[in-house]
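Report on the following structure.
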Amino acid sequence: MKQHLGRQVGVQKVEVSLRDGKVDITPKEDGRVDPAQILKATYDSGVSVAEMDMTVRGKIVKDENGNLTLQSLPNQLFVLAASDLSQSLAPLAGSGTQVTLRGQLYKKMEGKKKVDTAGPLKLVVQEIEKKE
Amino acid sequence: MKAAKSAMLLLFLSPLVPHSQAEIRHIEMRVEGMT
């Protein structure tokens, strides 16, 4: 799995802890890593993902449906799941303010064996690390 | 003319500038079934 993930676009380093079942991925500086692709590649290598968290920096914008979205370069959009924390970012929409967020992008549903990456992954904001 | 040249230069060089404002900083997963 480590080798398989290390071959994915935008991945610089993969660290695996067998004891904790934890996988840490350091993206390359070009930011071209695709979390949905990482998720799929992990399943393809024969293990199932219980959850996926990430730290991401970008601008808050509203998409065409009015959803709060984190726009991260190059051209990645993460819809923010509705919560008090994500709503606290609403005033920043369209302001150009860069925020750094830590959040959960995926959590395995009980009873589901296969990952569903067909739809966009929603980011559940867990912490607002920085506004600048 | 000078401004136009500078604008053209900026246009051509911008893809080469690192996207400092991009980005996913870190991804962490908890996995099951790893041996």
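Tabulated data for the structure shown
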read-out: Boolean, residue A:38 is in a helix (DSSP H, G or I), closer than 16 Å to residue A:8 by Cβ, facing another protein chain (nearest Cβ under 8 Å) and not polar (S, T, N, Q); value: yes
read-out: Check on residue A:109, without any contact (Cβ under 8 Å) to a residue 12 or more places away in the chain, under 30 Å from residue B:32 (Cβ atoms) and not basic (Lys, Arg); value: yes
read-out: Residue ID - surrounded by the fewest Cβ atoms within 10 Å (Cβ to Cβ), chosen from residues in segment A:110-131 that are of a type in the set (Asp, Glu) and modelled with pLDDT of 85 or more; value: A:127
read-out: Residue count, segment A:72-97 (criterion: among the polar types (S, T, N, Q), surrounded by 16 or more Cβ atoms within 10 Å (Cβ to Cβ) and either in a strand (DSSP E or B) or at the interface with chain B (Cβ under 10 Å from one of its Cβ atoms) (or both)); value: 2
read-out: Residue A:62 vs. criteria assigned by TED's automatic domain parsing to the domain that holds residue A:131, among the basic types (Lys, Arg), over 17 Å from the mean Cα position of the chain (by Cα) and surrounded by fewer than 18 Cβ atoms within 10 Å (Cβ to Cβ); value: yes
read-out: Segment A:11-27: number of residues that are farther than 16 Å from residue A:121 by Cβ and surrounded by 14 or more Cβ atoms within 10 Å (Cβ to Cβ); value: 7
read-out: Which listed residue, of A:14, A:61, A:33, is part of a loop (DSSP other than H, G, I, E, B) and either touching a residue at least 24 places away in the same chain (Cβ under 8 Å) or touching a strand residue (DSSP E or B) at 6+ places or on another chain (Cβ under 7 Å) (or both); value: A:33
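The values are calculated or read from the model by the stated rules, or taken from the named source; none is laboratory data. Being a predicted model, the structure only gives us computed values, none of them experimental. For neighbour counting, all protein chains shown are included, and Cβ atoms are generated from backbone atoms with ideal geometry for every residue, glycine included.
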